[in-house]
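The values are calculated or read from the model by the stated rules, or taken from the named source; none is laboratory data. Quick caveat, the model's predicted, so the values are computed rather than measured. A quick note on method: Cβ atoms are made from the backbone with ideal geometry, for glycine too, and the neighbour counts reach across all protein chains shown.
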Amino acid sequence: MNPVYSIIVPCYNEEAVLGETHKRLTKVMTDMGESYEIVYVNDGSRDETGNILRKLAAEDDHVRAIMFARNAGHQMAVTAGLDYASGDAVVIIDADLQDPPELIPQMAEKWKDGAQVVAAQRNKRAGETAFKKITASAYYKLLNWLTGGMVPRDTGDFRLVDRRVADVIRGMPEHNRFLRGMFASVGFRQESIRYDRDKRFAGETHYPLKKMLKLAADGVFSFSKKPLKAITAVGLLLLLAGGLGLLALLILLLCGRHGGLWWMAALNGALTGTVLTALGILGEYVGRIYDESRGRPLYIVADALGFDEEQ
(Lines give C-alpha, C1' and ligand atoms only; values in the text may rest on other atoms or scores of the structure.)
Protein backbone atom coordinates (compact mmCIF):
# COMPACT_ATOMS: atom_id res chain seq x y z
CA MET A 1 0.00 0.00 0.00
CA ASN A 2 1.39 3.40 -0.99
CA PRO A 3 2.15 5.89 1.80
CA VAL A 4 0.28 9.17 2.13
CA TYR A 5 3.48 11.22 2.07
CA SER A 6 6.82 10.89 0.31
CA ILE A 7 9.61 13.20 1.49
CA ILE A 8 12.37 13.69 -1.09
CA VAL A 9 15.74 14.76 0.34
CA PRO A 10 18.59 15.34 -2.18
CA CYS A 11 21.98 14.92 -0.51
CA TYR A 12 25.48 15.91 -1.56
CA ASN A 13 28.26 15.68 1.06
CA GLU A 14 25.81 16.09 3.96
CA GLU A 15 27.48 13.88 6.58
CA ALA A 16 27.54 16.74 9.10
CA VAL A 17 23.80 17.30 9.06
CA LEU A 18 22.08 14.05 8.00
CA GLY A 19 21.59 12.71 11.51
CA GLU A 20 19.77 15.83 12.67
CA THR A 21 17.83 16.05 9.42
CA HIS A 22 16.51 12.52 9.79
CA LYS A 23 15.69 13.08 13.46
CA ARG A 24 13.61 16.18 12.75
CA LEU A 25 11.88 14.72 9.70
CA THR A 26 10.99 11.56 11.61
CA LYS A 27 9.52 13.52 14.52
CA VAL A 28 7.43 15.72 12.22
CA MET A 29 6.08 12.83 10.19
CA THR A 30 5.43 10.63 13.25
CA ASP A 31 3.52 13.45 14.95
CA MET A 32 1.34 13.82 11.82
CA GLY A 33 0.17 10.25 12.38
CA GLU A 34 -0.08 9.19 8.72
CA SER A 35 1.96 6.78 6.63
CA TYR A 36 5.12 8.16 5.03
CA GLU A 37 8.43 7.36 3.39
CA ILE A 38 11.63 9.41 3.28
CA VAL A 39 13.42 9.12 -0.05
CA TYR A 40 17.05 10.20 0.29
CA VAL A 41 18.98 10.69 -2.95
CA ASN A 42 22.76 10.49 -2.62
CA ASP A 43 24.02 12.67 -5.48
CA GLY A 44 27.48 11.13 -5.79
CA SER A 45 28.71 12.34 -2.40
CA ARG A 46 32.41 11.99 -1.63
CA ASP A 47 32.10 11.91 2.16
CA GLU A 48 30.28 9.48 4.48
CA THR A 49 26.80 10.43 3.24
CA GLY A 50 26.36 7.14 1.38
CA ASN A 51 27.31 5.01 4.40
CA ILE A 52 25.02 7.02 6.67
CA LEU A 53 22.11 6.50 4.28
CA ARG A 54 22.79 2.77 4.07
CA LYS A 55 22.66 2.59 7.86
CA LEU A 56 19.43 4.60 8.02
CA ALA A 57 17.84 2.35 5.39
CA ALA A 58 18.81 -0.74 7.38
CA GLU A 59 17.47 0.63 10.68
CA ASP A 60 14.34 2.52 9.61
CA ASP A 61 11.60 0.95 7.47
CA HIS A 62 10.46 4.41 6.39
CA VAL A 63 13.78 5.18 4.69
CA ARG A 64 14.49 4.71 0.99
CA ALA A 65 17.96 5.50 -0.37
CA ILE A 66 18.89 6.10 -4.00
CA MET A 67 22.61 6.04 -4.75
CA PHE A 68 23.79 7.81 -7.89
CA ALA A 69 26.76 6.35 -9.75
CA ARG A 70 28.11 9.91 -10.15
CA ASN A 71 27.19 13.45 -9.26
CA ALA A 72 24.32 14.61 -11.48
CA GLY A 73 23.29 17.80 -9.71
CA HIS A 74 20.54 18.91 -7.34
CA GLN A 75 17.78 19.11 -9.94
CA MET A 76 18.49 15.58 -11.17
CA ALA A 77 18.54 14.27 -7.59
CA VAL A 78 15.08 15.73 -7.02
CA THR A 79 13.97 14.27 -10.36
CA ALA A 80 15.08 10.80 -9.26
CA GLY A 81 13.18 11.26 -6.02
CA LEU A 82 10.04 12.09 -7.98
CA ASP A 83 10.53 8.99 -10.12
CA TYR A 84 10.85 6.69 -7.10
CA ALA A 85 8.41 8.35 -4.67
CA SER A 86 5.05 6.60 -4.29
CA GLY A 87 3.15 8.87 -1.88
CA ASP A 88 -0.15 10.63 -2.56
CA ALA A 89 1.62 13.88 -1.69
CA VAL A 90 5.32 14.53 -2.34
CA VAL A 91 7.42 16.98 -0.32
CA ILE A 92 10.78 18.25 -1.62
CA ILE A 93 13.18 19.55 1.02
CA ASP A 94 16.96 20.00 1.17
CA ALA A 95 19.06 18.17 3.75
CA ASP A 96 20.76 21.29 5.17
CA LEU A 97 17.76 22.29 7.37
CA GLN A 98 17.61 25.81 5.98
CA ASP A 99 14.04 24.89 5.12
CA PRO A 100 12.44 23.71 8.40
CA PRO A 101 10.69 20.32 8.27
CA GLU A 102 8.24 21.65 10.85
CA LEU A 103 6.44 23.49 8.02
CA ILE A 104 5.34 20.22 6.39
CA PRO A 105 2.12 19.89 8.46
CA GLN A 106 1.11 23.40 7.37
CA MET A 107 1.70 22.43 3.75
CA ALA A 108 -0.27 19.22 4.25
CA GLU A 109 -3.28 21.15 5.59
CA LYS A 110 -3.39 23.28 2.44
CA TRP A 111 -3.11 20.12 0.34
CA LYS A 112 -6.02 18.53 2.19
CA ASP A 113 -8.00 21.72 1.56
CA GLY A 114 -7.54 21.26 -2.19
CA ALA A 115 -4.20 22.87 -3.10
CA GLN A 116 -2.20 20.71 -5.52
CA VAL A 117 1.09 22.63 -5.28
CA VAL A 118 2.07 24.30 -2.01
CA ALA A 119 5.30 26.29 -2.35
CA ALA A 120 7.25 27.78 0.55
CA GLN A 121 8.02 31.47 -0.04
CA ARG A 122 10.86 33.08 1.91
CA ASN A 123 10.44 36.22 4.01
CA LYS A 124 14.07 36.32 5.16
CA ARG A 125 17.23 34.42 4.19
CA ALA A 126 19.38 33.89 7.30
CA GLY A 127 23.04 32.98 6.99
CA GLU A 128 23.44 34.23 3.41
CA THR A 129 25.84 36.92 2.25
CA ALA A 130 24.66 40.34 1.11
CA PHE A 131 25.96 39.50 -2.38
CA LYS A 132 23.79 36.37 -2.60
CA LYS A 133 20.70 38.18 -1.31
CA ILE A 134 21.14 41.05 -3.80
CA THR A 135 21.82 38.79 -6.77
CA ALA A 136 18.93 36.47 -5.84
CA SER A 137 16.54 39.43 -5.66
CA ALA A 138 17.76 40.77 -9.00
CA TYR A 139 17.48 37.35 -10.61
CA TYR A 140 13.90 36.77 -9.51
CA LYS A 141 12.92 40.21 -10.81
CA LEU A 142 14.53 39.39 -14.17
CA LEU A 143 12.92 35.93 -14.26
CA ASN A 144 9.50 37.36 -13.44
CA TRP A 145 9.87 39.87 -16.28
CA LEU A 146 11.01 37.24 -18.75
CA THR A 147 8.33 34.70 -17.82
CA GLY A 148 5.46 37.08 -17.16
CA GLY A 149 5.48 36.45 -13.41
CA MET A 150 5.05 32.68 -13.78
CA VAL A 151 7.60 31.79 -11.08
CA PRO A 152 6.81 33.37 -7.66
CA ARG A 153 9.61 35.45 -6.15
CA ASP A 154 11.75 34.02 -3.34
CA THR A 155 10.47 30.50 -3.96
CA GLY A 156 12.91 27.61 -4.11
CA ASP A 157 12.39 23.87 -4.46
CA PHE A 158 10.89 23.42 -0.96
CA ARG A 159 7.28 22.51 -1.69
CA LEU A 160 4.54 19.90 -1.46
CA VAL A 161 2.96 18.60 -4.66
CA ASP A 162 0.02 16.32 -5.29
CA ARG A 163 0.64 12.91 -6.89
CA ARG A 164 -1.08 14.07 -10.08
CA VAL A 165 1.30 17.01 -10.41
CA ALA A 166 4.33 14.83 -9.64
CA ASP A 167 3.29 12.44 -12.42
CA VAL A 168 3.00 15.32 -14.90
CA ILE A 169 6.54 16.49 -14.03
CA ARG A 170 7.81 12.92 -14.39
CA GLY A 171 6.58 13.03 -17.98
CA MET A 172 8.85 15.98 -18.78
CA PRO A 173 12.20 14.50 -19.86
CA GLU A 174 14.26 17.64 -20.51
CA HIS A 175 17.86 17.60 -19.33
CA ASN A 176 18.33 21.27 -18.42
CA ARG A 177 15.84 21.23 -15.58
CA PHE A 178 14.52 24.17 -13.57
CA LEU A 179 11.99 22.42 -11.37
CA ARG A 180 10.48 25.42 -9.64
CA GLY A 181 9.63 26.79 -13.08
CA MET A 182 8.32 23.41 -14.25
CA PHE A 183 6.01 23.14 -11.25
CA ALA A 184 4.75 26.67 -11.84
CA SER A 185 4.19 26.07 -15.56
CA VAL A 186 1.89 23.05 -15.26
CA GLY A 187 -0.93 24.97 -13.65
CA PHE A 188 -3.25 23.16 -11.19
CA ARG A 189 -4.27 24.86 -7.95
CA GLN A 190 -1.16 26.51 -6.52
CA GLU A 191 -0.81 28.17 -3.13
CA SER A 192 2.09 29.25 -0.93
CA ILE A 193 3.08 29.69 2.68
CA ARG A 194 5.52 32.29 4.03
CA TYR A 195 8.48 31.51 6.28
CA ASP A 196 11.87 32.75 7.45
CA ARG A 197 14.67 30.64 6.05
CA ASP A 198 17.27 29.45 8.57
CA LYS A 199 21.02 29.26 8.08
CA ARG A 200 22.62 25.89 7.42
CA PHE A 201 22.57 23.60 10.45
CA ALA A 202 26.14 22.46 9.71
CA GLY A 203 28.64 22.20 6.87
CA GLU A 204 29.05 24.47 3.88
CA THR A 205 26.81 25.38 0.98
CA HIS A 206 27.00 23.08 -2.04
CA TYR A 207 25.65 25.73 -4.40
CA PRO A 208 28.68 27.87 -5.33
CA LEU A 209 28.43 30.77 -7.78
CA LYS A 210 29.06 28.55 -10.82
CA LYS A 211 26.13 26.25 -10.00
CA MET A 212 23.91 29.20 -9.15
CA LEU A 213 24.65 30.76 -12.55
CA LYS A 214 23.88 27.44 -14.28
CA LEU A 215 20.53 27.17 -12.48
CA ALA A 216 19.75 30.80 -13.30
CA ALA A 217 20.48 30.19 -16.99
CA ASP A 218 18.27 27.10 -16.97
CA GLY A 219 15.44 29.18 -15.56
CA VAL A 220 15.78 31.87 -18.21
CA PHE A 221 16.40 29.76 -21.32
CA SER A 222 13.94 27.01 -20.42
CA PHE A 223 10.95 29.28 -19.85
CA SER A 224 11.40 32.40 -21.98
CA LYS A 225 11.98 33.31 -25.62
CA LYS A 226 12.46 36.99 -24.78
CA PRO A 227 16.28 36.79 -25.12
CA LEU A 228 15.76 35.77 -28.76
CA LYS A 229 13.32 38.63 -29.30
CA ALA A 230 15.76 41.03 -27.64
CA ILE A 231 18.33 40.19 -30.32
CA THR A 232 15.96 41.44 -33.02
CA ALA A 233 15.16 44.60 -31.08
CA VAL A 234 18.82 45.44 -30.43
CA GLY A 235 19.71 44.65 -34.04
CA LEU A 236 17.03 47.02 -35.32
CA LEU A 237 18.16 49.78 -32.96
CA LEU A 238 21.77 49.42 -34.06
CA LEU A 239 20.71 49.32 -37.71
CA LEU A 240 18.82 52.58 -37.16
CA ALA A 241 21.80 54.09 -35.33
CA GLY A 242 24.13 52.97 -38.11
CA GLY A 243 21.86 54.47 -40.77
CA LEU A 244 21.68 57.78 -38.92
CA GLY A 245 25.45 57.75 -38.50
CA LEU A 246 26.00 57.20 -42.22
CA LEU A 247 23.50 59.97 -43.01
CA ALA A 248 25.33 62.34 -40.66
CA LEU A 249 28.67 61.51 -42.30
CA LEU A 250 27.14 62.11 -45.74
CA ILE A 251 25.80 65.52 -44.68
CA LEU A 252 29.19 66.48 -43.25
CA LEU A 253 30.84 65.39 -46.49
CA LEU A 254 28.41 67.47 -48.57
CA CYS A 255 29.18 70.46 -46.34
CA GLY A 256 32.88 70.08 -47.04
CA ARG A 257 33.79 68.64 -43.66
CA HIS A 258 35.33 65.26 -43.04
CA GLY A 259 33.99 63.34 -40.06
CA GLY A 260 36.79 60.84 -40.15
CA LEU A 261 36.43 57.13 -39.49
CA TRP A 262 35.80 57.28 -35.73
CA TRP A 263 32.04 57.03 -36.03
CA MET A 264 32.36 54.15 -38.44
CA ALA A 265 34.73 52.36 -36.09
CA ALA A 266 32.31 52.82 -33.18
CA LEU A 267 29.36 51.58 -35.22
CA ASN A 268 31.34 48.59 -36.46
CA GLY A 269 32.31 47.69 -32.92
CA ALA A 270 28.72 47.94 -31.71
CA LEU A 271 27.46 45.81 -34.59
CA THR A 272 30.17 43.21 -34.08
CA GLY A 273 29.38 43.00 -30.36
CA THR A 274 25.70 42.59 -31.13
CA VAL A 275 26.34 39.79 -33.61
CA LEU A 276 28.56 37.91 -31.15
CA THR A 277 26.01 38.34 -28.34
CA ALA A 278 23.26 37.10 -30.64
CA LEU A 279 25.31 34.06 -31.59
CA GLY A 280 25.94 33.33 -27.92
CA ILE A 281 22.24 33.42 -27.06
CA LEU A 282 21.37 31.31 -30.08
CA GLY A 283 24.11 28.90 -29.05
CA GLU A 284 22.48 28.44 -25.63
CA TYR A 285 19.21 27.39 -27.23
CA VAL A 286 20.90 25.20 -29.85
CA GLY A 287 23.01 23.54 -27.15
CA ARG A 288 19.88 22.65 -25.23
CA ILE A 289 18.32 21.16 -28.34
CA TYR A 290 21.48 19.07 -28.72
CA ASP A 291 21.25 17.88 -25.11
CA GLU A 292 17.70 16.67 -25.66
CA SER A 293 18.42 15.04 -29.04
CA ARG A 294 21.12 12.77 -27.58
CA GLY A 295 18.53 11.00 -25.44
CA ARG A 296 20.95 10.18 -22.62
CA PRO A 297 19.53 9.19 -19.19
CA LEU A 298 18.93 12.05 -16.77
CA TYR A 299 20.79 10.21 -14.01
CA ILE A 300 22.36 6.80 -13.33
CA VAL A 301 21.41 4.84 -10.22
CA ALA A 302 24.06 2.53 -8.78
CA ASP A 303 21.88 1.17 -5.97
CA ALA A 304 18.39 1.65 -4.51
CA LEU A 305 17.72 0.60 -0.91
CA GLY A 306 14.44 0.12 0.94
CA PHE A 307 12.18 -0.16 -2.09
CA ASP A 308 9.96 -3.06 -3.05
CA GLU A 309 11.51 -5.47 -5.56
CA GLU A 310 9.15 -4.33 -8.34
CA GLN A 311 10.11 -0.63 -7.90
Filter result for residue 66 (in a strand (DSSP E or B), of a type in the set (Val, Ile, Thr) and farther than 23 Å from residue 155 by Cα): yes
Any chance residue 5 is modelled with pLDDT of 95 or more and either within 25 Å of the chain's Cα centre (by Cα) or in the same structural domain as residue 192 (by TED's automatic domain parsing) (or both): yes
Every pair of residues 6+ apart whose Cβ atoms lie under 6 Å, when the first sits in region 41-63 and is buried (at least 20 other Cβ atoms within 10 Å of the Cβ) while the second is assigned to a helix (DSSP H, G or I) and of a type in the set (A, V, I, L, M, F, W, C): 41/77; 41/80; 42/53; 43/77; 52/18; 63/56; 63/57
Subset of region 87-145 (residues that are assigned to a helix (DSSP H, G or I) and at pLDDT 85 or above): 101, 102, 103, 104, 105, 106, 107, 108, 109, 110, 111, 112
Which numbered condition residue 70 fails, given (1) farther than 30 Å from residue 123 by Cα; (2) under 21 Å from the mean Cα position of the chain (by Cα); (3) at pLDDT 90 or above: (3)
Options 34, 14; residue that is part of a loop (DSSP other than H, G, I, E, B) and crowded, with 21+ Cβ neighbours inside 10 Å: 14
